[in-house]
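In what follows, a structure is listed as structure tokens, so that the remarks can point back to it.
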Amino acid sequence: MNNNTVTIPHLEEIKKIRKLEQQIFQETQIPIYDVSNWNPGKEYKKLIYQAYNSNHNSNYLDYHYSYEYNENIKVKVMSQLLKISPNIYNCVFIHSATAAICCIADYLKKHSFSKICVLEPAYFSVYSCLKSFGLNVYTESVILDSEGQCLFPYEEVTRENYDAIWITSPIYSTGLYYSQTQINYLKELVEKDIMLIIDESAATPANYLTQYLYSPNNIISFFSPHKYLSINSIKFAIIVCSKQTAYYFEDWIDVFIGSLPESACVAIEHYLSPNYMICYEIHEKYIDKNMSVIQELMEVFPDNFYRGAKSNYLTIQNKSLPYISTLKESEMSKLMQIAHVSFIPGFINGFAKPWGFCYRVNLTLDTDKLKNHLGRLFNYFLL
């Protein structure tokens, strides 16, 4: 068997970066600082640990399933999640957004969707997961106009006759959300009976896209409220869909995923408690602080910039460096040796050529370390 048929291209590129980090550390004994790291820094963790409070009565011995939750709990979750009537959509609880991706892929396959479009950039596992279920998967790219605004590729999508479109909101690893004009295009697609899958697992609660779209029969969205706060182990995900689709997921989640872990049950209760909003406010203040620090750096190094607003992650672009579509290991190795910094380049998650040279930055990293290492990186780009 050809091993290339069972590897995940995005993940293979990340493995190369991790291997280089280890090699350079062994040579220099200086740790390589990853500005794209998924996990928060020590400062942010300390703030959340001090604030986080859950009164959950643990039950470690029983199985827990979404369908066992009282309907009132689901209505409360939906009411807090979306600023629309909770009767428009139904919801299903699952333990993570990644698990939701797998179950939605299964739904698309079993319901004979024949041509799926993944709108890039997107989370690395989406394309490979859909392909693994035997679906015909294609990609289209978000359009950047002359002013740097992100546009939904409406003409391209309608011309290709896709019957389902996978959308990430905000645009992956940015704080860029679709404007009302772009949302109107999505409404037109729904009216054409095209299924929209909307990944809002990293969206700020103030900007959920689904609340502007009232068509449960042609929309499946999923959310992960604690993921936005970088609380990555005690969390749950919510699949929002029609009543009939929710029944389907309740059955097939049991087949693919099994019961809810206790951590998800804790997270559901925490989401409905006042303490969630306390943690949310801490998060917002922290990322605002780090965004201000990055903005100050960019005033000194003006070739570097970002688009977007509230998000856990920024995608920083550089005006002077060429776009890369594959990892050049010799150049990444040299960067690590001199700057002692690493990052996940944008092409790994489908950022197309109009974005230019770009990479992800985690805004919940330690402020001084982030400032120091981004400064090193910006300096290196001047060499």
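Taking Cβ atoms as reference points and 12 Å as the exclusive limit, the residues near Asn275 contribute a net charge of -2, counting Lys and Arg as +1 and Asp and Glu as -1. With the charge dipole of the range 42-103 set up from +1 on Lys and Arg Cβ and -1 on Asp and Glu Cβ about the Cα centre, the Cα lying farthest toward the positive end among the listed residues Tyr44, Ser79, Leu61 is that of Tyr44. Per-residue 3J(HN,Hα) values for the range 15-21, derived from phi via the Karplus relation 6.51 cos²θ - 1.76 cosθ + 1.60 with θ = phi - 60°, read 4, 4, 5, 4, 5, 5, 4 Hz in sequence order (x marks Gly and Pro).
Each part reduced to its alpha carbon centroid, the range 215-237 and the range 318-359 end up 29 Å apart. Cross-link reach is defined here as a Cα-Cα straight distance under 20 Å, omitting same-chain residues fewer than 8 places apart; for Lys243 the aspartates and glutamates meeting it are Glu68, Glu71, Asp106, Glu191, Asp193, Asp199, Glu200, Asp251, Asp254.
As a calculated quantity, the FRET efficiency between Ile84 and Glu299 at R0 = 30 Å, using C-beta atoms, amounts to about 0.15.
Accessible area of the range 287-364 with a 1.4 Å probe: how many percent of it is carbon plus sulfur? Please report the intermediate quantities before stating the final value.
Working: 1600 of 3020 Å².
For the range 287-364, the apolar C and S fraction of the accessible surface comes to 53 percent.
Note the direction-averaged projected area, equal to a quarter of the hull surface, for the Cα convex hull of the range 88-160, in nm². List each step's numbers first, then the result.
Details: hull surface 26.9 nm².
With the hull built on Cα positions only, its mean projection is 6.7 nm².
The mean sequence separation of alpha-carbon pairs under 8 Å and at least six residues apart, normalised by the residue count of the range 298-383, gives a relative contact order of 35 percent. The structure-derived value of Cα extents along the principal axes in Å appears in the list [x] 64, 46, 43; [y] 58, 52, 47; [z] 67, 49, 39 under the label [y]. Amide H to amide H distances under 5 Å link Arg307 with Thr315, where only residues 5 or more positions off or on other chains count and H is placed in the peptide plane. Overall shape: oblate for the range 329-383, with the ratio a/c of the largest to smallest alpha carbon gyration tensor axis at 1.5 or above and b/c at least equal to a/b.
One chain, two ends: Lys15 and Ser141. Fully extended at 0.36 nm per residue, the span grows by 42.9 nm beyond their Cα-Cα distance. The HN-Hα couplings worked out from phi for the range 203-216 by the Karplus form 6.51 cos²θ - 1.76 cosθ + 1.60 (θ = phi - 60°) are 7, 6, x, 6, 10, 5, 6, 4, 5, 9, 10, 10, 9, x Hz, whole numbers, x standing for Gly and Pro. Entry comment: accessible area of the chain is 46 Å² per residue, from protein heavy atoms only and a probe of 1.4 Å.
Quick one: Debye curve from the alpha-carbon atoms of the range 25-184 only, equal weights, vacuum; give me log10 I(q)/I(0) at q = 0.10, 0.11 Å⁻¹ to two decimals. Cα-only, vacuum Debye calculation for the range 25-184: -0.61, -0.73. Normalising the average separation of contacting C-alpha pairs (under 8 angstrom, six or more residues apart) by the number of residues puts the relative contact order of the chain at 26 percent.
Put a dot 7 Å past the Cα of Asn72, heading toward its Cβ, do the same for Ser259, and the two dots end up 2.4 nm apart. Taking all Cα pairs closer than 8 Å and separated by 6 or more residues, the relative contact order of the range 109-221 comes to 24 percent.
In order along the range 94-109, phi translates into HN-Hα couplings of 8, 7, 7, 5, 5, 5, 4, 4, 4, 5, 5, 4, 4, 4, 4, 5 Hz, rounded to whole numbers, per the Karplus curve 6.51 cos²θ - 1.76 cosθ + 1.60 with θ = phi - 60° and x for Gly and Pro. Over all distinct Cα-Cα pairs of the range 37-125, the Kirkwood formula returns a hydrodynamic radius of 17.3 Å.
In this Cβ point-charge picture (+1 for Lys and Arg, -1 for Asp and Glu), the range 117-219 has a dipole of about 240 debye about its Cα centre. Looking only at Gln337, Gln29, Gln149, which one moves most when the chain is put into a Gaussian network model with springs between Cα atoms under 10 Å? Taking springs between Cα atoms under 10 Å, the residue moving most is Gln29.
Arrange the residues Phe378, Phe301 by how much accessible surface each exposes, largest first, with a 1.4 angstrom probe.
From most exposed to least exposed: Phe301, Phe378.
With a 1.4 Å probe and all protein chains left in place, how much of the accessible area of the range 226-266 comes from carbon and sulfur atoms, in whole percent? Answer for the range 226-266: carbon and sulfur cover 53 percent of the accessible area.
Less than 5 angstrom separates the built amide H of Ala237 from those of Ile94, His95, Ser96, all sequence-distant by 5 or more or on a different chain. A viscosity of 1.567 mPa s and a temperature of 4 °C, combined with the Kirkwood radius over C-alpha pairs in the Stokes-Einstein formula, give the range 138-250 a diffusion coefficient of 87 µm²/s. Could you check which residue among Ile198, Ile30, Ile257 shows the biggest mean-square fluctuation in a GNM of the chain with a 10 Å Cα cutoff? Of Ile198, Ile30, Ile257, the Gaussian network model singles out Ile30 as fluctuating most. Under 5 Å from the amide H of Thr139 lie the amide H atoms of Val118, each residue being 5 or more positions distant or on a separate chain, with H modelled from the backbone and absent for Pro and chain starts.
The values are calculated or read from the model by the stated rules, or taken from the named source; none is laboratory data. Everything numeric in this text was worked out from a predicted model, so none of it was measured. Methodologically, a virtual Cβ is constructed for each residue, glycine included, from the backbone with ideal geometry; neighbour enumeration extends over all protein chains shown. Please note that ligands, DNA and RNA were not included when accessible areas were found on the heavy atoms of the full protein model with its side chains. Shrake-Rupley method; radii C 1.70, N 1.55, O 1.52, S 1.80 Å.
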